[in-house]
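Below: the structure, in C-alpha cells.
What follows is calculated from the coordinates using simple rules that are stated; it is not laboratory data. Please read these numbers as outputs of a predicted model, since none were measured by experiment. Virtual Cβ from ideal backbone geometry, glycine too; neighbours counted across all protein chains shown.
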Amino acid sequence: MNGAALRSGEPCNHLIQLDPTMNQPTVAQKAPYPVAVEAGKTYFWCACGQSKSQPLCDGSHKGSGFNPTPFKAEKTATVYFCGCKHSANGALCDGSHKRL
Ligand code: FES
C-alpha cells in the first residue's frame, strides 16, 4: 500500500487517478439494435463501437484494448444488442443509452 492509512473520521485528500491510456468505447448509436438470433448460435457483440457490422464484431477492435463479448442465444428470438456500448448488461441494452 502506498501512503499512510487514514484514521476514522479523517478526511481523505487523495485523488483517484484514472489511467489515461484506458479508452472509452465509441458510441455506435444511442439506441439498441434489434437482431433476430437463432437458438444455440453464438454471436460476438462489438464492445469497442468501431465495427462496421454493428452490433456485431468485424475485427476493428484490434489494438483498442477492447474485445468482443460472446452472446449465446438460448432461444430463437429478437434480442436488443446495445448500440451505445455503455450497457451494464453486457451485450444487451439496459437503457443506459438514455443517459448519454
Ligand atoms: S443501446 Fe446501449 S444501453 Fe441501450
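Start at zero, step by 5 Å, and the Cα-Cα distances of segment 23-100 spread as 3, 19, 27, 26, 16, 7, 1 percent across the bins.
Remark: the ALA39-LYS98 segment gains 18.3 nm on full extension, using 0.36 nm per residue and subtracting the alpha carbon distance.
Please identify the trypsin sites (Lys or Arg not before Pro) of segment 34-100 that satisfy two criteria: DSSP loop assignment and at most 12 other Cβ atoms within 10 Å. Which are they?
When the trypsin sites (Lys or Arg not before Pro) of segment 34-100 are filtered for loop state and at most 12 Cβ neighbours within 10 Å, LYS41, LYS52, LYS62, LYS75 remain.
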